[in-house]
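Submitted below is the structure of interest, expressed as structure tokens.
The values are calculated or read from the model by the stated rules, or taken from the named source; none is laboratory data. As the structure is a computational prediction, the values presented were derived from the model and not from experiment. Neighbour counts are summed over all protein chains in view; Cβ atoms, including those assigned to glycine, are modelled from backbone coordinates with ideal geometry. Note: areas computed on protein heavy atoms with side chains; ligands, DNA, RNA excluded. Shrake-Rupley method; radii C 1.70, N 1.55, O 1.52, S 1.80 Å.
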Amino acid sequence: MGERKVLNKYYPPDFDPAKLPRARRPKNQQIKVRMMLPMSIRCNTCGNYIYKGTKFNSRKEDVIGETYLGIQIFRFYFKCTKCSAELTMKTDPQNSDYVVESGATRNFEPWRAEDEEADGLKRKRESEEMGDAMKSLENRTLDSKREMDILAALDEMKSMKSRHATVTVDEMLVALQRTSDDKEKRLEEEDEALIKSVVFHNSNDYVRRVRDEDIEEEEEVAQLSNGHVGTSSSSPKRQKPSKEPPGKATDALTKVSLDESGKQGNSHGGSAKPNPLVRISVIKKPVASDPKGAAEPEQKKTVDSNANSTGGLQSLCQSYGSDGDDSDQ
């Protein structure tokens, strides 16, 4: 198998290369070469995209009359991989790149646009500094200031990195655990404070609302315990009404009539309060010339009013005696 891959040929001892005939080739002869596509392009005929790094066979020739600083420019012919249309490109030694000449268009490359912009700024700066020494001095000052800022930022980053390098992974974990424990403890304290702030009915700090009826009941209990019971007319406070319902409908009327009779007996000539259940109508009469005659109708009027008030009560209460009331009057 080794004889199939012979790299060195046998030259006899009497071989003279000067005796070999020279082949005369044309000046612009095309040479077949295999190469890789240096950029991504799109075919104008079929719209097919051919990406960078695609291998294909091409024909190379010299571009007559085009050089850059003595460097020869070459042209390459190759075909589209889909429609077999012929595409051409040539070298660009000025920018160390290739230029698509015909049959295709180059795809947009953002880094290439940035490089072109940087080159444009550089050329513009060189043209400005060409005949102006002050402008060149200003540009150099700005460049030195920019470099100093960059060095300061680098030093700060280095110092920060050195500080962080002193902290180990275990210390970082311990610090994180400590912060989490402190947070949990603070939350527990807040919960306990909230629970303590709530006042329950069975706690000592609970403030109960006191009503007027409760105060009156306590005063009455205290008076009964001391043996000093005040009458209803002497105590200015209200008494709590009894909750026991009466046995009969006529019991309330009998009680009111008895209270009225007792008040009239204890008043000793004072004016008795009228019963709210009895209506009294007063009719004014013309005053006579005789003073004695004027006094008699007034006395008769009072007697009639008292008689009417007691008459309604006597009909309801048969057990009540009207003799005592007539004698009192």
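Give the residues of segment 4-60 that are open to solvent by 80 Å² or more (accessible area, probe 1.4 Å) and of a type in the set (F, W, Y), sorted by residue number.
Matches in segment 4-60: Y10, Y11, F15, Y49, Y51.
What are the pairs, 6+ residues apart or on separate chains, where a residue within segment 103-118 that is within 21 Å of C80 (Cα to Cα) has its Cβ under 7 Å from a residue that is open to solvent by less than 90 Å² (accessible area, probe 1.4 Å) and β-branched (V, I, T)?
G103/T88; A104/I41; T105/I41; R106/I41; R106/V100; N107/I41
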